[in-house]
Amino acid sequence: MNGVIPLATDAPAIAISDISRDFITGGQPIRVLHNIDLDVQAGELTYLVGESGSGKTTLISIIAGILYPTEGEVNVFGTDIYGLNDRSLVEFRLNTIGFIFQQYNLIPTIDAASNAAVPLIAQGVDRLEATERATELLDRLNMADHARKLPSQLSGGQQQRVAIARALVHEPRLVVCDEPTAALDARSGRRVMDLLRDVGVAEDRSVIIVTHDNRVFDLADRILVMEDGRITHDGTEMPDHQS
Amino acid sequence: MIWIAIRMLTGDRQKFYGLVFGIAFSTLLITQQLTIFINLLERGATAVYGISTADVWVMDPVTRSQDVVYPMPSTALDQVRSVPGVSWAVPHFRAGAAVRTEEGDLEGVTVVGVDDSTLIGLPRKMIEGDVSALSRPDSVFVDGVGSQRLFPPGKDPIGSRLELNDQRAVVRGIVDVDPSFTSQVVLYTRYSNALNYVPGTRNRMSFVLARSDNGLTPNELAERIEKRTGLKARTRDEFAQDGIDFIIENTGIPINFGITVALGFIVGIAIVGLTFSLFIRDNIKQFGALKAIGVHNGKIRAMVAVQAGLVGLIGYGLGTLMATAFIASGAANSADFKGFYTPWQIPVITLIAIAVIIAITGWLALRTVLKTEPAAVFR
């Protein structure tokens, strides 16, 4: 893993200052994020909550280093990620951030263990070693019996666990999740969140989750509510009128 | 990542087979059509290369090829023989005629008259019969095409009688020679017989075949004959090329085959391009996820290149195999395809065409992948 950027140990997991983002629609710039400031500490499980169009997906994309902000600065564990060149930013994502997508986005033609091993393989780890490490993680997620199955042979909850394994296998310090429980029933959803807390959150690690699944709100350390491109609530619980 | 790219490709069997089929079909079409084209062109030179002993072909200045001949007076033979440096010179006759078979069928043939005493002008190999049999009265030899076309299936041509210009001809041998460009039946007989079999004008001699003395190159001899006699003299290679050029200039074959080869190329691009773009579209979320996770564009390029290259390699191999089998089977089982072969240049040309198809379709697919923003996976 050449070119790994050293991360500060005492810096916040996420430090955002004065972030704005415009999209061009019909030739006109539309501002979807308005001057957001935010700090997220390591060891926190943070929910980003809001209605569709509130800007939470845009914000998490910017935090994850896959969407440039129009204005402002984003520091992840002390690194100004948009100050990096393109290649370094890609390397940074590969080594520091784990992704969980709403649609899982597993590769349908390779088995669960190989899917979970993708970040390690991308880092250049030998495929067999990567698959072995992924299988061990799948075992921790009670997926050992399904490691050789293709995604199409797994239920939605099982696929989500494979996606979690893929997000965590390379031990990233920040995990970003987009609606990880949207396609799951209440029980599976809570299990997924428990897993994320158990495996993803640590002293030097953080998990940030976009969700509007009110069945799991009680599992968060911190809840940020977004409305019209602004953070309107920051607390350990949902505001009464929205919960 | 290369392993993942290969698994992504081969795991979707329907599209994988579609891609391989597209390339294989293009390869087959391009290779097979180019092979037939080249072999047909070379048939314009069959008659010349069939007579290996003659270095120089002498003819009337207006004669254009073996089959477009303006006959010369018989004195031309003596003129050529009198040129210093000529080791030997013999008359050669070549003209079209109609033959009537024992069954009463009429067939157009080419009658070739070879030198009565030396039999120079006769193909070297015999399939059946002996060369000496041509010295017997009314003897003719037929080629492989004639042995199938002039006689009913199962009948041995040897001993059969044919009728040419109210004259009797008896088949006493089958010669081993590649068919001509038109695949017309060729009858070989002695020069004196040929004059009787084909009615004609006062001048009858089609060519004089000559060989140079030691120390004189065919080019030098041809030049010398032209200077001394006023006739046209061509070396064997030059006259063979004249036959090929005549076909190129006077038939629609290059255009027709060119169109088919172009179609093979276009069909390849269409099938492969469409299937590859469908494959990429089906996997665009996965590619987007890979980009978000941290797979940089260089690796994505390598993945798509490997996928396109693998499909190209397998498809090209299969297509070449099919084309070779087709040509080999045709050459072994059909008189019309006798002697067909695939020159090494054709697989190379096809490989270049396939590489272009792969490069174009791969590039189009890659553009889609590279244009995909990693952030799209969160939408």
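Coordinate-derived values only; no laboratory data. In this text the structure is predicted, and so the values were computed from the model without any measurement. Every residue, glycine as well, gets a Cβ built from its backbone with ideal geometry; the counts of neighbours run over all protein chains shown.
Points to keep in mind about this one:
- Spacing of the two label points (7 Å from each Cα toward its C-beta) at B:Asp176 and A:Asp126, in nm: 5.9 nm
- Alpha-carbon Rg with Dmax, taken over the protein assembly as shown, Å: 40.3, 122
- The mean number of partner chain beta-carbon atoms within 10 angstrom of a residue's beta-carbon across peptide A:86-92 is 3.
- Rule-of-thumb Rg ratio for the range B:73-230 [Cα; 2.2 N^0.38 Å; N residues]: 1.12
- Percentage, to the nearest whole number, of Cα pairs in the range B:254-379 over 20 Å apart: 55 percent
- Label-to-label distance, B:Trp3 versus B:Ile352, with points set 7 angstrom from Cα along the beta-carbon direction: 3.8 nm.
- Cα-Cα pairs of the range A:122-198 separated by more than 19 Å (percent): 35 percent
- Taking the Cα centre of chain B as reference, the dipole from Cβ charges on Lys and Arg (+1) and Asp and Glu (-1) amounts to some 1800 debye.
- Over all pairs of different C-alpha atoms in the range A:174-243, the reciprocal of the mean inverse distance, the Kirkwood hydrodynamic radius, equals 12.8 Å.
- Sorted largest first, the principal axis extents computed over the alpha-carbon atoms of the range B:149-296 equal 88, 50, 29 Å.
- Dipole check for the range B:73-230: with +1 at the C-beta of Lys and Arg, -1 at the C-beta of Asp and Glu, and the Cα centre as origin, the magnitude is about 400 Debye.
- Modelled FRET efficiency - R0 51 Å, A:Arg87 with B:Ser334, Cβ distances, 0.05 increments: 0.25
- At 0.692 mPa s and 37 °C, Stokes diffusion of the range B:189-238 via Kirkwood alpha-carbon radius, µm² per second: 255 µm²/s
- Zone residues, the range B:322-362, relative to B:Arg124, backbone N less than 15 Å from point 7 Å out along Cα-to-Cβ: none
- Sequence-distant residues sharing a close amide H with A:Gly50 (under 5 Å, placed H): A:Thr211, A:Met226
- Förster-model FRET efficiency, 56 Å R0, B:Leu321 and A:Asp234, C-beta, rounded to 0.05: 0.25
- Test item: B:10-20 mean partner chain Cβ contacts at 10 Å: 1
- Separation in nanometres of the label points that stand 7 Å from Cα toward Cβ, at B:Asp105 and A:Glu171: 8.5 nm
- Per the Kirkwood formula applied to alpha carbons, the range B:151-213 shows a radius of gyration over Rh ratio, Rg over Rh, of 1.02.
- Alpha-carbon radius of gyration plus Dmax, which is the widest Cα pair, for the range B:287-332 in Å: 18.2, 58
- Selected from B:Thr53, B:Thr201, B:Thr118 as most flexible by GNM, with chain B as the system and alpha-carbon contacts under 10 Å: B:Thr201
- GNM flexibility winner over chain B from B:Val356, B:Val177, B:Val272 (Cα, springs under 10 Å): B:Val356
- Taking the inverse of the mean 1/r over every pair of distinct Cα atoms in chain A gives a Kirkwood hydrodynamic radius of 18.3 Å.
- Radius, Kirkwood style, for the range B:38-136 when every pair of distinct Cα atoms is counted (Å): 15.7 Å
- More than 26 angstrom apart: percent of Cα pairs within chain B: 62 percent
- Order of A:His170, A:His146 - criterion: other Cβ atoms within 10 Å of each residue's Cβ, fewest first: A:His146, A:His170
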